[in-house]
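Heads up, the thing below is written out as structure tokens.
What follows draws every value from the coordinates through simple rules; no lab data is involved. Please read all numbers here as calculations on a predicted model, not as lab measurements. Every residue, glycine as well, gets a Cβ built from its backbone with ideal geometry; the counts of neighbours run over all protein chains shown.
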Amino acid sequence: MKIAVCVKQVPDSWAEKKMINGTLDREGVDAVLNDLDEYAVEEALRIVEAHGGNEEGGANSVTIISMGPERATEAIRKALSMGANDAILISDGALAGADAITTSAVLAKVIETGGFDLVLCGTESTDARMSVVPAMISARLGWAQLTFAGSVVVDPAASTVAITRVTDAGVDSMGASFPAVLSVIEKINEPRYPSFKGIMASKKKTIDVRDCAAIGISVQGAWSLVADSAPRPARAAGIKVTDSGDGGKELVDFLAGKKLI
Amino acid sequence: MSNVFILVDLQGDAVSKTTAELATAGARMGEVTAIVLTQPGKSAAIVSTLTGPISSVISIESEDLATHGVPAYADLISQIVTEKKPSALLIASHAFGKEIAGRVAIATDSGIITDAVDVAADGTATQLVFGGSTTVHSKISHGVSIMTIRPNTIEANTAAASPTVENVTKSVSDVAKKVRITATQPFVKGGRPELTEANIVVSGGRGTNGDFAAVEGLADALGAAVGASRAATDAGWYPHTHQVGQTGKTVSPQLYVACGISGAIQHRAGMQTSKTIVVVNKDAEAPIFDIADFGVIGDLFAVLPKATEGVIARKS
Ligand SMILES: Cc1cc2nc3c(=O)[nH]c(=O)nc-3n(C[C@H](O)[C@H](O)[C@H](O)COP(=O)(O)OP(=O)(O)OC[C@H]3O[C@@H](n4cnc5c(N)ncnc54)[C@H](O)[C@@H]3O)c2cc1C
């Protein structure tokens with residue numbers, strides 16, 4: 001089984017983010033592996049571990065695929081130190097400010113030529129929060145879409161995969177034959193911490209850095225254009241009272257004053 | 001006048017409140033055609049309950065929707081969009097709606113904007129990004145303007161609709177049938193309002209220690225929906241469907257009451273755009289107070305029952 005996991009390097013969730021010329025300023029903030037992608041890396045590792053492991057030269061492998069600036073190798077190293085085999089980073093100045101349309105085109109192009117059975121993703125990136133890239137990759141490749149998985153069961157002999165899809169609406173059980181694109185929700189597992197051994201081993205693993213020409217794609221400009229962006233005024237400091245028996249009443253008075261009741 | 005498509009948003013077989021919001025936004029840009037996608041035999045009842053500025057309806061019934069899910073919906077919509085070439089397509093911004101929008105964008109070579117909180121007549125969308133700290137205006141520059149709109153952010157015109165109805169027969173392409181849904185368990189809806197549609201949301205966190213009675217009591221007095229932090233859903237105290245935040249739902253009610261919730265950035269990502277925020281927390285240093293319009297430093301088990309009493313007294 002060959003599994004690809006798509007990951008993104010994002011600004012630390014706690015970092016203050018700002019826009020420069022219509023795109024997120026990525027230079028000025030600490031960057032980390034998108035939290036929600038760690039669950040996808042973990043799930044890919046659990047799938048191969050349940051079916052003989054991912055020793056070099058064996059039947060199974062987990063490849064990390066990412067699009068981003070050169071320094072995204074830091075986030076990729078984290079995924080490698082968790083236990084993935086190798087990685088491909090598509091890095092090209094022309095991709096700065098890419099939208100989901102372009103991102104999915106680039107990822108699909110790399111996946112298409114990699115001979116993968118399954119592609120795993122997180123449900124969204126914590127910076128862009130669109131939650132559309134996994135569905136778009138599936139649409140581009142014409143592969144089965146098994147997204148928002150709360151559990152995954154793979155049968156390599158039959159080349160099938162079944163999931164439970166957990167969304168606002170309910171829980172669906174669904175399945176498909178390989179190849180398929182999955183996204184996993186954060187309740188699916190508890191991502192492992194890289195071990196010391198894993199961290200040391202990751203330093204020797206290959207990160208194959210390619211530009212757009214190397215993967216054979218020409219980049220179009222974004223199809224959604226930002227006209228302007230502005231920081232919203234911070235919420236004005238509110239009223240704060242300490243409860244000494246009538247905090248509940250004061251709360252109700254506030255609501256009434258605001259005509260909320 | 002240009003033609004704007006909206007996808008009728010359903011909860012089970014019922015038209016959601018969000019549908020009229022989509023129609024209202026669409027009518028600013030052009031004449032609204034509502035797309036109804038449903039099981040055989042169900043569309044007439046759905047069409048009869050539509051409200052809002054809808055001029056026409058295109059209705060497609062198919063067995064394949066329930067069996068093949070998102071790709072089947074996206075495939076049928078892409079076929080009609082390619083045929084009728086609307087200027088824009090508006091869909092509700094939830095997991096299901098966003099995935100459909102994404103697939104239609106790929107199939108029709110169009111740009112996409114998600115999580116818009118407003119749309120202007122010229123198609124400019126307003127989004128609030130980075131946890132609501134930044135406002136962005138953007139516009140689609142290629143193909144159909146595909147936009148998903150957050151429930152509860154646009155004031156709906158709910159005048160009765162009397163659209164012309166066209167029933168269309170289409171079949172789902174094979175490539176959209178690669179996934180088979182074998183069982184569906186819809187979440188049972190309680191008697192309370194739907195979380196993303198509610199005017200008021202009262203949420204509980206780890207501070208409830210598993211006892212949501214006080215939170216529910218205040219919610220019921222206010223006619224509110226009940227939300228929860230991830231700490232509460234992870235502990236199994238409240239169902240995951242009620243989780244508010246980055247990996248839960250995004251809510252934009254008139255009033256959000258956070259009880260025993262510290263205000264982690266992932267929680268704030270789902271509630272920061274609420275119009276008024278009220279907090280009850282016993283730790284005066286809890287970060288949630290930073291975004292509160294009104295905060296009570298106190299024990300929720302003491303404060304909430306008093307507040308509930310007060311609300312009921314004022315209402316009677
Ligand atoms: C990838 C990822 C995704 C996440 N997604 C989400 C998400 O969608 N939604 C979400 O909410 N979180 C999410 N989180 C978790 C988030 O980081 C916090 O851990 C979580 O929000 C904490 O929940 P809490 O505020 O209820 O608990 P705590 O942080 O433990 O806070 C409990 C609060 O209750 C107060 N308290 C205790 N007892 C009382 C009492 N008797 N009366 C009044 N106050 C009391 C305490 O002072 C404290 O402030 C996510 C985290 C990660 C890593």
### Tally, over the stretch B:32-56, of residues that are among the small types (G, A, S) and either part of a strand (DSSP E or B) or surrounded by fewer than 14 Cβ atoms within 10 Å (Cβ to Cβ) (or both)
6
### Query
Just a yes or no: is a residue in the stretch B:252-275 more than 9 Å from the ligand (Cβ to nearest atom), within 11 Å of chain A (Cβ to nearest Cβ) and of a type in the set (D, E, K, R)?
yes
#### Entry: the stretch B:188-221 - residue that is away from every other protein chain (no Cβ under 14 Å) and in a helix (DSSP H, G or I) and, of those, nearest to the ligand (Cβ to nearest atom)
B:R206
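Conditions tested, residue by residue: (1) in a loop (DSSP other than H, G, I, E, B); (2) at the interface with chain B (Cβ under 7 Å from one of its Cβ atoms); (3) surrounded by fewer than 18 Cβ atoms within 10 Å (Cβ to Cβ).
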position	(1), (2), (3)
A:S183	no, no, no
A:E186	yes, yes, no
A:M200	no, no, yes
A:S229	no, yes, no
### Query
Out of (1) within 9 Å of the ligand (Cβ to nearest atom); (2) more than 7 Å from chain A (Cβ to nearest Cβ); (3) surrounded by 21 or more Cβ atoms within 10 Å (Cβ to Cβ), what's the single condition that is false for B:A225?
(1)
### Query
Looking at the stretch B:131-185, which of its residues are under 19 Å from the mean Cα position of the chain (by Cα) and either surrounded by fewer than 18 Cβ atoms within 10 Å (Cβ to Cβ) or within 8 Å of another protein chain (Cβ to nearest Cβ) (or both)?
B:G132, B:E155, B:N157, B:T158
### Message
Return the pair list, or none, for Cβ contacts closer than 7 Å from residues in the stretch A:213-224 that are more than 14 Å from chain B (Cβ to nearest Cβ) and of a type in the set (V, I, T) to residues that are buried (at least 17 other Cβ atoms within 10 Å of the Cβ) and assigned to a loop (DSSP other than H, G, I, E, B), at least 6 apart or on different chains.
### Response
none
### Query
Is it fair to say B:T241 is within 11 Å of the ligand (Cβ to nearest atom), among the hydroxyl-bearing types (S, T, Y) and facing chain A (nearest Cβ under 9 Å)?
no
#### Entry: Residues (in a loop (DSSP other than H, G, I, E, B) and crowded, with 19+ Cβ neighbours inside 10 Å) located in the stretch B:71-107
B:P86, B:S93, B:H94
### Query
When the stretch A:8-61 is examined, which residues are found to be part of a strand (DSSP E or B), of a type in the set (S, T, Y) and touching a Lys or Arg at 6+ places or on another chain (Cβ under 9 Å)?
A:S61
### Task
Look at the stretch B:222-247 and say how many of its residues are of a type in the set (G, A, S), within 27 Å of B:E309 (Cα to Cα) and either in contact with a Gly (Cβ under 6 Å, 6 or more places away or on another chain) or part of a strand (DSSP E or B) (or both).
5
